[in-house]
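Notes follow the structure.
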Amino acid sequence: MTEGQPADTRLQQVVDGIVRIAAGDLSTRIRTSPNRDDVDAVITGINLLAEELNSVYQEFEERVESRTIELQAAHRQMQRMAMSDALTGMANRTALMHGIEAALLASEDGAKRPSVLMIDLDAFKDINDSFGHQTGDQVLVEVARRIRWAVRRGDTVARLGGDEFAVLLPETSLTAAMGVAARVQEALTECIRVDELDVWPRASIGAHAGLAGESAEDIMVRADTAMYAAKEAGRGQNKAFEPVMLYSRQLRRDMAAELRQGVGRDELFLDYQPVVELASGRMIGVEALIRWQHPQRGLVMPDDFIPIAEETGIILDLGRWVLRAALEQVACWEGELALEPDFKVRVNLSAMELQRLDLVDHVRQALTETGISPGRLIIEITESAFVSGGDVEMYSLRSLSALGVGIEIDDFGTGYSSISYLRRLPVHTVKVDRSLIRDISADPGQRHFVDAVHGLIQAAGMEAVFEGIETLDQAADLLVLGCRSGQGYYFSRPLAARQVADILETGAVLPLVQAPANSTGAG
């Protein structure tokens with residue numbers, strides 16, 4: 001023991017030191033005596049243990065601090081990801097809604113309320129379908145950059161998904177918001193160069209300045225409603241919200257609900273437009289055209305309800321109803337009449353239907369249950385549905401063709417036409433859009449162009465049907481060019497099933513085309 005210091009005192013120091021260390025004070029050190037006796041050996045061991053524990057604790061603290069910093073950074077990154085669009089780096093819908101709500105809170109102190117622009121690219125689907133989604137993504141990134149350039153400092157640009165964008169303008173009047181919308185339109189006027197393609201983006205823009213009592217969701221709905229009004233007015237339009245627009249939107253919702261009910265209430269029926277052999281006037285088929293006899297609205301034409309059906313997905317039910325009804329009608333004609341072997345019924349199929357995995361089974365079942373030969377049926381699909389190139393679409397087309405069903409491109413010439421892809425598709429017929437023959441009789445250049453298009457279609461091993469024939473001159477010119485068949489008001493407007501049966505039963509010919517005496521072939 002240390003001179004002058006009792007043994008129990010030194011032992012008490014050791015105990016006190018151990019208690020402090022155990023309590024977490026790892027900086028505690030117990031003093032040793034000059035004697036270096038057994039007690040000092042114990043004290044030295046305790047001090048070394050405390051030093052090692054302190055070192056371990058410091059290392060642990062550093063690791064915890066480092067891990068905390070990493071977790072905080074990861075959390076911030078996750079927050080950024082949760083609040084931003086992965087493709088463009090702009091804000092997303094969640095971030096936009098938070099921004100609107102914050103701007104509304106700020107406006108309670110007397111500041112102006114926020115305005116919102118809703119921006120939807122016009123015909124962007126054609127870009128994806130024709131050039132692929134990679135090209136579409138590049139266009140979206142450039143569009144986002146241009147919108148960001150066009151708005152003001154402090155405005156928030158968000159991509160809501162697909163080809164839809166929005167801009168939050170804090171403390172902004174409607175007049176100022178419409179000015180920003182005009183700058184966005186101006187920024188989009190210059191073409192976007194993607195690889196070797198020139199893309200000309202246009203947008204429909206709706207604007208709404210928040211009013212007292214409106215929530216963030218209210219402002220978004222009103223701006224979105226104005227955007228739809230702009231889209232209906234034509235491409236590249238800007239519209240400010242007006243209350244009557246909500247009424248119009250509600251009418252569309254009501255019509256969608258009534259249309260869904262109408263499918264089950266036998267309110268739908270088919271008319272049939274004849275397809276005619278130009279040289280003889282003989283009806284060689286019909287195109288099934290859907291009509292809606294609404295109990296209150298009266299007769300509703302497809303242009304008024306098909307877009308709504310496509311927006312709401314009802315088009316799937318409509319398409320299947322049309323197919324079944326058309327095949328059942330052909331079965332009736334076959335039971336009553338001696339149909340020519342080349343008489344065929346054409347049924348339109350939407351791009352959405354083409355993406356259904358059960359399409360081929362449904363068509364096969366409908367043919368079997370109605371007893372109709374697959375060769376009597378031609379499926380018409382718009383050009384944009386063909387060029388999307390999806391695996392499901394190509395499987396459906398090839399399987400339908402293998403089944404014996406004819407495949408026809410409808411409205412050929414209205415989209416990003418490319419003759420080269422025709423040979424790669426299981427297509428049998430091309431229906432040339434009416435816009436190509438409108439001026440065929442008045443414009444020799446257009447006549448030569450139609451002749452060239454017809455020649456390319458034939459070179460690809462397919463038949464051409466020309467739609468929209470409205471005059472004798474148009475029909476005669478097509479006949480001189482070697483075109484075999486067509487349809488249009490010159491021959492007949494759409495007919496009821498009974499009227500078609502009367503023509504088939506009597507063997508009547510529709511207006512017979514005779515080429516003018518001075519007509520000469522082109523090319």
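If R0 is 60 Å, what FRET efficiency do you get for Asp218 and Val56 from their C-beta distance, rounded to 0.05?
Working: r = 59 Å, r/R0 = 0.98.
Taking R0 as 60 Å, the efficiency between Asp218 and Val56 is 0.50.
Return one whole number: the accessible area per residue of the chain in Å², for a 1.4 Å probe. Before the final figure, lay out each step's value.
Details: 26480 Å² over 523 residues.
Normalised by residue count, the accessible surface of the chain is 51 Å².
Once the Cα atoms of helix 359-370 and of the chain are each reduced to a long axis, what angle between those two axes, in degrees from 0 to 90 to the nearest 10, is obtained?
The angle comes out near 40 degrees.
Could you tell me the largest-minus-smallest coordinate of the C-alpha atoms of segment 281-366 on each of the three principal axes, in descending order and whole angstroms?
Projected onto its principal axes, the Cα set of segment 281-366 covers 40, 35, 23 Å.
Once fully extended, how much extra length lies between Cys332 and Met394, figured as 0.36 nm per residue of separation less the alpha-carbon to alpha-carbon distance? Write down the numbers at each step before the final one.
Values: separation 62, 0.36 × 62 = 22.32 nm, distance 3.22 nm.
Roughly 19.1 nm would be gained on extension.
So for the chain: antiparallel DSSP bridges make up what percent, rounded to the nearest 5? Let's see the in-between values first.
Values: 37 of 64 bridges.
Rounded to the nearest five, the antiparallel share is 60 percent.
Whenever you get a sec, compute what percent of the accessible area on the chain sits on carbon and sulfur atoms (1.4 Å probe).
Working: 13740 of 26480 Å².
Of all accessible area on the chain, carbon and sulfur atoms account for 52 percent.
With a ≥ b ≥ c the root eigenvalues of the C-alpha gyration tensor of the chain, is it rounded (a/c under 1.5), prolate (a/b larger than b/c) or oblate?
Details: a/c = 3.14, a/b = 2.54, b/c = 1.24.
Prolate, because a/c is 1.5 or more and a/b exceeds b/c.
If you line up the long axis of helix 93-107 against the longest principal axis of the chain, both from Cα atoms, how many degrees apart are they, to the nearest 10?
With both axes taken from Cα atoms, the answer is about 70 degrees.
What distance in nm separates the simple spin-label points at Ser107 and Ser435, each placed 7 Å from Cα in the Cβ direction?
4.1 nm
Once phi is turned into ³J(HN,Hα) by the Karplus curve 6.51 cos²θ - 1.76 cosθ + 1.60 with θ = phi - 60°, what whole-Hz value does each residue of segment 142-148 show in order, with x for glycine and proline?
5, 4, 4, 4, 5, 5, 4
Kindly state, to the nearest 0.05, the FRET efficiency for His133 paired with Leu211, given R0 = 35 Å and r defined as their beta-carbon distance.
Working: r = 39 Å, r/R0 = 1.12.
Result of the calculation: an efficiency of 0.35.
Would you please name the chymotrypsin sites (Phe, Trp or Tyr not before Pro) within segment 444-510 that are DSSP coil residues with at most 13 other C-beta atoms within 10 Å of their C-beta? Show your work: numbers first, answer last.
Details: sites: Phe449, Phe466, Tyr489, Tyr490, Phe491; in loops: Tyr489, Tyr490, Phe491.
For chymotrypsin sites (Phe, Trp or Tyr not before Pro) across segment 444-510 that sit outside H, G, I, E and B with at most 13 neighbouring Cβ atoms in 10 Å, the list reads Tyr489.
For His362, put the label point 7 Å out on the Cα→Cβ axis and report which residues of segment 226-262 keep their amide N under 20 Å from it.
In segment 226-262, the label zone of His362 (backbone N under 20 Å from the point 7 Å along Cα→Cβ) covers 256-262.
List the residues of segment 22-61 whose backbone N lies under 16 Å from a point placed 7 Å from the Cα of Glu70 along the Cα-to-Cβ direction.
Only 59-61 fall inside the zone, counting backbone N under 16 Å.
At what distance in nm do the modelled label points of Gln355 and Leu49 sit from each other, each positioned 7 Å from its Cα along Cα→Cβ?
7.1 nm
Counting helices only, and only those DSSP H runs with n ≥ 4, report the 222 nm mean residue ellipticity of the chain as the sum of -39,500 (n - 2.57) divided by its residues, in deg cm²/dmol to the nearest 500. The partial results should precede the final answer.
Numbers: 17 runs with 257 residues, N = 523.
Dividing the helical sum by the residues of the chain leaves -16000 deg cm²/dmol.
By how many degrees, between 0 and 90 and to the nearest 10, does the Cα long axis of helix 243-264 differ from the longest principal axis of the chain?
Rounded to the nearest ten degrees, it is 70.
Quick one: which of 354-363, 426-435 comes out on top by average Cβ neighbours within 10 Å, and what's the full order, highest first?
Working: 354-363: 16.5, 426-435: 20.2.
By packing density, highest mean first, the sequence is 426-435, 354-363.
Can you pull out the trypsin sites (Lys or Arg not before Pro) in segment 83-156 that DSSP calls coil and that have at most 11 other Cβ atoms within 10 Å? Before the final figure, lay out the partial values.
Numbers: sites: Arg93, Lys112, Lys125, Arg145, Arg146, Arg148, Arg152, Arg153; in loops: Lys112, Arg152, Arg153.
Answer in residue order: Arg153.
Roughly how many nanometres apart are two label points built 7 Å out from the Cα toward the Cβ at Ala279 and Arg152?
7.1 nm
Which of rounded, prolate or oblate describes segment 207-284 when judged by the alpha-carbon gyration tensor and an a/c cut-off of 1.5? Mind showing how you got there, number by number?
Numbers: a/c = 6.02, a/b = 2.15, b/c = 2.80.
Oblate.
Which of rounded, prolate or oblate describes segment 315-355 when judged by the alpha-carbon gyration tensor and an a/c cut-off of 1.5? Write down the numbers at each step before the final one.
On the way: a/c = 5.31, a/b = 2.21, b/c = 2.40.
Oblate, because a/c is 1.5 or more while a/b does not exceed b/c.
Mean projection of the alpha-carbon convex hull of segment 219-355 over all orientations, in nm²? Write down the numbers at each step before the final one.
Details: hull surface 47.3 nm².
Computed as one quarter of the Cα hull surface, the answer is 11.8 nm².
The values are calculated or read from the model by the stated rules, or taken from the named source; none is laboratory data. Just so we're clear, the structure is a prediction, and the values are computed from it rather than from any experiment. FYI the Cβ positions are ideal-geometry reconstructions off the backbone, even for glycines, and counts take in every protein chain you see. When the accessible area is computed, the model is the full protein with side chains, heavy atoms only, and any ligands, DNA or RNA have been set aside. Shrake-Rupley method; radii C 1.70, N 1.55, O 1.52, S 1.80 Å.
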